[in-house]
Amino acid sequence: MQGGVSGFQNAPVTRAVVLASGLLSVVFSAQRRARALVLSHQGIVKNFRLWKMFASGFAFQSTPELLFGVYLLYYFRVFERQIGSNKYSVFSLFTISVSLLLEILSLVLLKDTNYLSTLACGPYGLIFASFIPFFLDIPVTSRFRIFGVNFSDKSFIYLAGLQLLLSSGKRSLIPGICGLIAGSLYRLNVLGIRRMKMPQVIASFFARIFAPSSGGSSRPSRSLVGNMSSRTSRAVQNNQPSGFAPVVEPPESSIAMLVSMGFDGNAARQALMRARNDINTATNILLEAQTR
């Protein structure tokens, strides 16, 4: 699951979340106020502070949590490339909001017990909600064994998530579970959330601010048809059978595999259709298009 487009290209929402998480974590840590961000019944329910809820939704309390959290956020940018920045922003807002509400509910229900008094801060909702499509949509591309134990290329992402989930014990376990629930609700299309989109004015505004600057190859989906070399086109056409055989719609698993490599979803679909669903040929088409 490597290669393709690197960095935050085609992922401005992820870039904004990572920047917000990193900057807020560093600022509050430098001011020695990181402990003030933890969610508690008294700090949220009795003394309602909107700024604290916002900050606690992005800033991590410790450096290990920040490192693992930012790494997972950066990796999960593949979903923004797959569904588009507009829908991914809806996914982010929905999962963060629902997870936060569930965390507050858990604090209310457990306020009279000694089991839980505070919860860890950070974008746990968005991170662990992303494990739902990661488990269901991202295919395993390679398997290997270490000391007799079977692993796949997805295993290290699960291990990083487990480390973050247990980083603060039950204080981080509850937010992680709330994030998984929020991701499941989005997957089930509760209230038709998967059909919703951000207003185009807002989406364009944030895209201009947080989209990374790059050269002419920043939009592989547009350059796929117009800038593809004739040599690659002829190579693909030579592999096609004669006559007018219908073009088979690419399977979602193949599209997801190319998206996980960093390519745009629409460009991956077009390349697979040109390559008759041959992933290796489609990958070469996409890479060739980026160099033009």
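The values are calculated or read from the model by the stated rules, or taken from the named source; none is laboratory data. Owing to the predicted nature of the structure, the values given are computational and were not obtained by experimental measurement. Here the Cβ positions follow ideal geometry from the backbone for every residue, glycine too, while neighbour counts run over all protein chains shown. These accessible areas exclude ligands, DNA and RNA; they are computed on the full protein's heavy atoms, side chains included. Shrake-Rupley method; radii C 1.70, N 1.55, O 1.52, S 1.80 Å.
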| Taking the stated definitions as given, is Gly215 open to solvent by less than 70 Å² (accessible area, probe 1.4 Å) and modelled with pLDDT under 50? | yes
| said: Given the criterion modelled with pLDDT under 85, part of a helix (DSSP H, G or I) and open to solvent by less than 50 Å² (accessible area, probe 1.4 Å), identify the matching residue among Leu116, Leu126, Leu224. | reply: Leu224
| note | How many residues of the stretch 272-286 are among the polar types (S, T, N, Q) and either outside any helix (DSSP H, G or I) or open to solvent by less than 70 Å² (accessible area, probe 1.4 Å) (or both)? The answer is 3
| Which numbered condition trips up Tyr186, out of (1) open to solvent by 30 Å² or more (accessible area, probe 1.4 Å); (2) assigned to a helix (DSSP H, G or I)? | (1)
| query | Could you list, in sequence order, the residues of the stretch 247-271 that are farther than 26 Å from Tyr74 by Cβ and buried (at least 19 other Cβ atoms within 10 Å of the Cβ)? | reply | Pro250, Gln270
| Of these, Leu67, Leu24, which one is part of a helix (DSSP H, G or I), modelled with pLDDT of 80 or more and surrounded by 20 or more Cβ atoms within 10 Å (Cβ to Cβ)? | Leu24
| message | Out of everything in the stretch 130-158 that is of a type in the set (Lys, Arg) and open to solvent by 60 Å² or more (accessible area, probe 1.4 Å), what residue ends up being farthest from Ala256 (Cα to Cα)? | response | Arg145
| Can you spot a residue in the stretch 166-173 that is of a type outside the set (S, T, N, Q), crowded, with 19+ Cβ neighbours inside 10 Å and closer than 20 Å to Leu66 by Cβ? | no
